[in-house]
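Working notes, beginning with the structure itself.
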Amino acid sequence: MFRSPKAPPPTRDESDVLQDQLSLLPTRSTGEQIDESEEKDTPKIETKATGRTKKKPENYSAADIQVLEGIAAIRHRPGMYIGSTSTSGLIHLIWEALDNAVDEAVAGYGKHVWVMIDQEGWVTVRDEGRGMPFDLMLYQGEYVPAATVILTVPHSGGKFSEGAYKTAGGLHGVGSTVINALSEKLEVTIWKDGQQFSQNFSRGTALPHAIEPCDPKLHGTQLRWLYDRSVFDPDAYYSIEALESRLKAATYLNRGMTFHLDAWDDATNEEISRVFYSRDGLPDYVRDLALSTNPPLFKNVLSIMKDKDDVHVEIALQPTTGYKISMYSYANAVRTRDGGVHETGFKAALTKVVNDYALKWNIIRNRERDGFRPEVIQQGLNVVISVKLTNPQFQGQTKDRLNNAPVEGIVRSIVDEGLKDWFESNANVGKEWLKKIQQMQKARNEAQLVEELARAGTKKNGELIDTTLSKKFLRCNTPDPSRAELFIVEGDSAGGSAGQGRFSDFQAVLKLKGKPLNVAKADLKSIVENEEIRTIINVLGTGTRDTFDITRLKFNRVIIATDADVDGLHIQCLLLTLFHQEFSDLIERGFVYIACPPLYSVKYKGKVNWLLDDEARIRFIEQHPDSQNLEFKRFKGLGEMNPKELRDTTFDPARRVLKQVTMEDGVLAARLVMELMEDKNAERRRTFLAEHARKIKELDV
């Protein structure tokens, strides 16, 4: 379920790659047309200059210095404040408003927050807090309503003074200003002390405000905005699933609060309404995670909660029968995607206590020789870590990492004590957990040897695992990973055409033999012993799991290219499952793409036109009524194209269409993978693949 922005479909820019972002479920496709009459002999890619460059003027003076302040600075470099101008950055605006509303509720003012998105793309976030102050304040020699200053001046707000908020997620005084700066229009309404303050803004510029009487019982702040389409990417959209997941997480992190979501869903052409509330908090969060992972190892969630040195620590965890770790950490209810000191403290205490009890209960005999490694202990664990503190030190405006050094020791101490209490009170299930860890460590040791073989290129059972000699892998010439691209293609026929059609200077090709292993339920030993996966591990160069090192990645883009049929989509799902589970950082950091070769070609007035999909074909016929009786050639697979056709439509950076795979929400991704790839869902999987056979370019893990 998604709503797409009301904006015209993106047009092809022949000077660059069209890198449209994917969503967890299909969005509406946009037809694309490629005119072969405009083909280029060489791709337009960034290369180092080889000739003389024109010398710049030597005079460099004060006249060359620009000073950007406030709204102008934010609009000039929006990525510094919201991460990117893609879908994730667009939704980040909602997170900024939501964090402020939650801060009010946590401070004891209100228990309800409303989030609304209408059919035209207007977003409304309302709380029932105290309301932004709008009495006059002196700013730069003029008396201006405080609310106006908050919305137009970065680093202004009420969270800088000591004691204003005991804990808060919005601390930089930038969030509300950023929303205003990056919106075409913004409307603020405040109810406070029997007065209603209203003011509109246009691309950050304040218009005249109004104050009128209102019901004294009303209190709170409402922001309503329409994002600026000249700032954000053409394909940026609001993901209903991402909103639902974030609001659900907010209820778990703030037990007792209620969040209301009303949003227009373009997929069903109707408005959806959701209400989110949690009684138990983090244990409910972990139970929800179990729905998208393997079954829990034991029924009850392990919960730890304690205050120490003015830091509130709450942790809920539950081991599963699987291998993938699902760890979500928060500071003041703000997701810290890159972890930080609270995660470090938790992992240290977990490793110590687990090994203490493995030794105490004779599951291991010697800590130095047999001790469980941290990465093995964490395998299959569903865990949520939440800390709340007065002055969190976040890394950057997107607040992806917590850096308060003392928090590490506080969390370690509380988790150490809580885990010991749990093991003492739950000896039977505790031993079951430790024995599962022991089995995983044994499998990890065996698998590590296989993985080392895969990366080292040595012999195993007489077979040389060496990508430089493998017939399945065609290397590119460039030694520069920042230029190199890897195409993973399906079958020998497609691989043969791809090998001849590629730009060998910077494009490598890996030909898959059959369908890859379904890694959703496989153990690590089975995964790294699989020939196809072993080759992928070797070709990428990063290793996997605890040996993963993204600095060893040999390619700037990893591009999945499969046929436009049910089998092709199935292979794509299996590969995305593999990347989600074993190389999730590659997706998180934007290295994984899906190739979208055109589905049709038609020769019209002596020129070959390539049409991306059925919508593009219909549009072409509407624009050229005399083409109805022409033959539209349909390509089911890449192997049906000759090398030149493949080069022009799929490999040429100036003409191809790529879709960037994203993971906006790991929980949603894991759930999709689990539901589609489980053996028990075979019939549902076949139905899904059949219905979406042509929408492979829109699938995301």
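The values are calculated or read from the model by the stated rules, or taken from the named source; none is laboratory data. Only a predicted model underlies this, so the values are computations on that prediction, with no experimental measurement involved. When we count neighbours, we look across all protein chains shown, and the Cβ atoms used for this are built from the backbone with ideal geometry, even at glycine.
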Which of the following residues is more than 20 Å from Leu186 (Cα to Cα) and touching a residue at least 12 places away in the same chain (Cβ under 8 Å): Gly131, Gly89, Gly110, Gly141?
Gly110
Return the only residue of Leu449, Leu419, Leu434 being more than 31 Å from the chain's Cα centre (by Cα), at pLDDT below 75 and not acidic (Asp, Glu).
Leu449
Answer residue from segment 528-542, given it is touching an Asp or Glu at 6+ places or on another chain (Cβ under 7 Å) and at pLDDT 80 or above and is farthest from Gly590 (Cα to Cα) among those
Ile537
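In segment 88-109, what residues are closer than 16 Å to Ser183 by Cβ and not small (Gly, Ala, Ser)?
Listed by number, the residues that qualify are Leu90, Ile91, His92, Leu93, Ile94, Trp95, Glu96, Leu98, Asn100.
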Criterion (among the β-branched types (Val, Ile, Thr) and either exposed (fewer than 13 other Cβ atoms within 10 Å of the Cβ) or modelled with pLDDT under 70 (or both)) met by exactly one of Val123, Val67:
Val67
Take segment 216-238 and flag every residue that is of a type in the set (Val, Ile, Thr) and more than 25 Å from the chain's Cα centre (by Cα).
Thr221
Arg617 is checked against (1) crowded, with 19+ Cβ neighbours inside 10 Å; (2) closer than 30 Å to Arg444 by Cα and fails just one. What number does that condition carry?
(2)
For residues in segment 523-543 being free of Cβ contacts under 8 Å to residues at least 60 places away in the same chain and buried (at least 17 other Cβ atoms within 10 Å of the Cβ), which is farthest from Phe651 (Cα to Cα)?
Asn530
Would you check if Leu261 is at pLDDT 95 or above and out of contact with any His (no Cβ under 8 Å at 6 or more places or on another chain)?
yes
Considering Asn366, Asn362, which residue is within 19 Å of Lys420 (Cβ to Cβ), out of contact with any strand residue (DSSP E or B) (no Cβ under 8 Å at 6 or more places or on another chain) and at pLDDT below 95?
Asn362
Residue satisfying condition, being small (Gly, Ala, Ser) and within 12 Å of Phe579 (Cα to Cα), within set Ala561, Ala520:
Ala520
Filter result for Lys299 (among the basic types (Lys, Arg), farther than 20 Å from Leu434 by Cα and over 21 Å from the mean Cα position of the chain (by Cα))
no
Pick from segment 126-171, criterion more than 27 Å from Gly194 (Cα to Cα) and of a type outside the set (Gly, Ala, Ser), ranking: modelled with the highest pLDDT
Gln140
Consider Val376 against the criteria (1) buried (at least 19 other Cβ atoms within 10 Å of the Cβ); (2) in contact with a Gly (Cβ under 9 Å, 6 or more places away or on another chain): it satisfies all of them except one. Which criterion is unmet?
(2)
Total residues in segment 316-356, condition part of a strand (DSSP E or B), touching a Ser or Thr at 6+ places or on another chain (Cβ under 7 Å) and under 24 Å from Met257 (Cα atoms)
3
Where Asn518 falls short, out of the listed (1) in contact with a helix residue (DSSP H, G or I) (Cβ under 6 Å, 6 or more places away or on another chain); (2) modelled with pLDDT under 85; (3) buried (at least 21 other Cβ atoms within 10 Å of the Cβ):
(3)
Going residue by residue through segment 367-383, is there one that turns out to be assigned to a strand (DSSP E or B) and among the small types (Gly, Ala, Ser)?
no
With respect to Ser493, determine if the residue is more than 23 Å from Asn445 (Cβ to Cβ), hydroxyl-bearing (Ser, Thr, Tyr) and either surrounded by 19 or more Cβ atoms within 10 Å (Cβ to Cβ) or modelled with pLDDT of 90 or more (or both).
no
Scan segment 598-605 and give yes if some residue there is closer than 25 Å to Ser497 by Cα, surrounded by fewer than 23 Cβ atoms within 10 Å (Cβ to Cβ) and basic (Lys, Arg), otherwise no.
yes
Restricting attention to segment 264-275, and to residues there that are at pLDDT 90 or above and surrounded by fewer than 15 Cβ atoms within 10 Å (Cβ to Cβ), which single residue is nearest to Leu98 (Cα to Cα)?
Val275
Among the residues of segment 298-346 satisfying the criterion of being surrounded by fewer than 18 Cβ atoms within 10 Å (Cβ to Cβ), touching a strand residue (DSSP E or B) at 6+ places or on another chain (Cβ under 6 Å) and under 23 Å from Thr577 (Cα atoms), which is modelled with the highest pLDDT?
Met327
Residue within segment 390-403 that is of a type outside the set (A, V, I, L, M, F, W, C), touching a residue at least 40 places away in the same chain (Cβ under 8 Å) and part of a helix (DSSP H, G or I) present:
no
With out of contact with any Phe, Trp or Tyr (no Cβ under 8 Å at 6 or more places or on another chain) and on the phi < 0 side of the Ramachandran plot as the only criterion, which of Gly568, Gly606 stands out?
Gly568
